[in-house]
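Undergrad: My questions all concern the structure below.
The values are calculated or read from the model by the stated rules, or taken from the named source; none is laboratory data. Since the model is a prediction, treat every value here as computed from it, not as a measurement. Heads up, the Cβs are rebuilt from the backbone with ideal geometry, glycines too, and the neighbour counts pull from every protein chain shown.
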Amino acid sequence: MPDALPQSTRAWHRRIWHLTWPVILANITIPLVGVADVAVMGRLPDPAYIAAVAMGAAMFSAVYWLFGFLRMGTTGLAAQAFGANAVPEVAAIFKRGTGVAAVLGLSIVLLQWPLAYLLFALFDATPQVASLAAQYYDIRIFGAPALLIYLVELGVLFGLQRMRDTLLLSVSLNLTNLVLDLVLVLVFDMGVAGVALGTVISEVGAACTGWVLVLRALRIQGWQGGKSVELWRTAAVRALFHVSSNLIIRTFFVQLPFFVGTVVATRMGEVTLAAHGVLMQLFFIMTYSLDGFAHAAETLAGYAYGARQAHALRRTTLYAAYWAMSLAVLTGGTYWLGGDTFISWLTVSTEVQQAAAEFLPWLALAPLLCVWAFLFDGIFIGTTHIVEMRNAMFASALVWALGLWLSLDALAYHAVWLTMSVFMLTRSILLALYYPRIERAAAS
């Protein structure tokens with residue numbers, strides 16, 4: 001078991017950072033792969049290569065984000081079981097999640113053709129971009145089972161507060177992907193297909209690594225293996241599907257602005273789509289960095305909630321918010337001052353650089369608007385208050401959709417960033433209003 005929850009201010013700051021720094025380092029490697037994809041394609045003079053990778057990545061993000069419940073739901077359930085000193089139940093949660101992930105991943109592979117028809121119908125891309133994106137899709141789809149199992153493994157490790165293991169696991173995935181990108185594209189000249197193949201190989205490797213890390217972490221906590229609890233008992237399965245179903249709905253609404261933003265950019269031409277791909281890589285670096293504090297809050301909140309310590313839950317929220325906001329201010333300032341330089345690192349196309357630079361003020365503002373939404377997401381996921389989070393996302397998505405409908409004709413691509421900002425702000429406000437319910441539940 002981890003040390004007792006902190007009692008002093010200094011101890012809380014130390015615990016937050018002890019849990020956060022490995023996650024931040026691990027999370028930063030995630031968008032770095034996307035950055036590498038864009039940068040490698042950006043060495044080519046034709047914007048169609050960046051556009052195709054941006055389009056293909058958006059497709060898989062849309063699909064895989066819907067299955068984000070495999071990571072988030074697993075973390076919340078595992079953290080609460082860990083806080084209640086029920087390590088055998090954590091092992092059972094891992095087994096259930098892995099079984100569900102394997103079935104879902106194989107289903108995606110088997111349904112790849114109707115899924116492709118649906119996804120490609122949403123994009124109005126040029127024939128060249130659509131052809132390149134199809135090459136990416138046809139290879140990348142086979143990584144689905146491994147990636148979904150990897151999400152479950154991450155969730156268990158977060159729940160057990162094994163943050164350094166999550167760092168090792170994420171690095172094994174993302175740095176392998178990065179190296180394979182460079183080798184397959186720049187050495188073997190495989191283009192978009194090389195980017196996709198490198199991703200699949202790294203996903204399979206990460207799933208195997210994660211399996212070893214989870215079993216080791218469970219044994220460190222005293223699990224002896226074997227059938228220690230009833231794996232598919234009704235109450236546990238009901239809890240899994242209650243959390244999972246609501247997280248799917250929540251994630252669908254969270255994903256909408258990102259996916260539709262790419263669709264809108266696609267219909268505005270290759271240059272705008274390429275600029276969108278560059279800007280979104282910088283956006284994701286910001287989000288994954290801030291998510292480090294959200295993950296720390298997630299596992300600490302779940303542990304405190306499982307142990308029924310409402311005071312520790314509140315301190316988790318306050319101290320994580322302090323550091324997350326500090327990082328948000330630093331990130332926003334960095335993008336404001338150095339955004340042009342970062343864009344030039346990702347593409348040599350003057351057209352794309354100029355198009356992306358126009359929207360830098362939105363990128364600099366984004367961390368200040370996103371930080372609260374991410375932090376509250378972590379609290380709600382860790383305590384498995386998913387219904388409230390689902391409702392907040394639904395209301396926020398309605399506000400976003402109305403805003404985009406009203407502003408798109410007048411503001412063009414600026415409307416994508418304006419409504420994204422409004423979406424994040426609305427999420428933050430609604431989740432803040434729901435938050436006192438969690439403290440009351442923990443106290444009871």
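Undergrad: Identify, from the list Thr316, Thr251, the residue that is crowded, with 23+ Cβ neighbours inside 10 Å and of a type in the set (Ser, Thr, Tyr).
TA: Every option except Thr316 fails the conditions.
Undergrad: Right, here's the next one. Looking at the stretch 287-296, is at least one residue under 24 Å from Tyr413 (Cβ atoms), surrounded by 17 or more Cβ atoms within 10 Å (Cβ to Cβ) and out of contact with any Phe, Trp or Tyr (no Cβ under 6 Å at 6 or more places or on another chain)?
TA: Yes, that holds for at least one residue.
Undergrad: If you check Thr98, Thr126, which single one turns out to be of a type in the set (Ser, Thr, Tyr), surrounded by 15 or more Cβ atoms within 10 Å (Cβ to Cβ) and farther than 28 Å from Ile201 by Cβ?
TA: Answer to the check: Thr126.
Undergrad: Looking at Ser344, Ser396, Ser349, can you tell me which residue is farther than 25 Å from Gln161 by Cα and without any contact (Cβ under 8 Å) to a residue 24 or more places away in the chain?
TA: Ser344
Undergrad: Those residues that are over 13 Å from Val156 (Cα atoms) and either modelled with pLDDT of 95 or more or under 24 Å from the mean Cα position of the chain (by Cα) (or both), I need them from the stretch 208-221; list them, please.
TA: Once the filter is applied, which keeps residues that are over 13 Å from Val156 (Cα atoms) and either modelled with pLDDT of 95 or more or under 24 Å from the mean Cα position of the chain (by Cα) (or both), the stretch 208-221 yields Cys208, Thr209.
Undergrad: Among the residues of the stretch 424-439, is any part of a helix (DSSP H, G or I), among the charged types (D, E, K, R) and over 21 Å from the mean Cα position of the chain (by Cα)?
TA: Yes, there is a match, as at least one residue in the stretch 424-439 is part of a helix (DSSP H, G or I), among the charged types (D, E, K, R) and over 21 Å from the mean Cα position of the chain (by Cα).
Undergrad: I'm trying to understand the selection: among the residues of the stretch 392-444, which are within 26 Å of Ala265 (Cβ to Cβ) and of a type in the set (Gly, Ala, Ser)?
TA: At the first step, the residues of the stretch 392-444 found to be within 26 Å of Ala265 (Cβ to Cβ) are 393-428.
Residues satisfying the conditions are Ala395, Ser396, Ala397, Ala401, Gly403, Ser407, Ala410, Ala412, Ala415, Ser421, Ser428.
Undergrad: In addition: I'm told Leu167 meets every condition in (1) surrounded by 20 or more Cβ atoms within 10 Å (Cβ to Cβ); (2) closer than 30 Å to Gln221 by Cα; (3) in contact with a Leu (Cβ under 7 Å, 6 or more places away or on another chain); (4) not polar (S, T, N, Q) except one. Can you identify the failing condition by its number?
TA: Leu167 satisfies all of (1) surrounded by 20 or more Cβ atoms within 10 Å (Cβ to Cβ); (2) closer than 30 Å to Gln221 by Cα; (3) in contact with a Leu (Cβ under 7 Å, 6 or more places away or on another chain); (4) not polar (S, T, N, Q) except (1).
Undergrad: Taking into account only those residues within the stretch 404-413 that are modelled with pLDDT under 95 and of a type outside the set (A, V, I, L, M, F, W, C), which is farthest from the chain's Cα centre (by Cα)?
TA: Asp409
Undergrad: What is the residue count in the stretch 124-162 for residues that are modelled with pLDDT of 90 or more, among the acidic types (Asp, Glu) and not in a helix (DSSP H, G or I)?
TA: Here the count works out to 0.
Undergrad: Which is surrounded by fewer than 22 Cβ atoms within 10 Å (Cβ to Cβ), without any contact (Cβ under 8 Å) to a residue 24 or more places away in the chain and either among the aliphatic types (A, V, I, L, M) or out of contact with any His (no Cβ under 6 Å at 6 or more places or on another chain) (or both), of Leu119, Leu215? Quick ask: steps written out before the conclusion?
TA: Values: Leu119 fails: without any contact (Cβ under 8 Å) to a residue 24 or more places away in the chain.
On inspection, the qualifying residue turns out to be Leu215.
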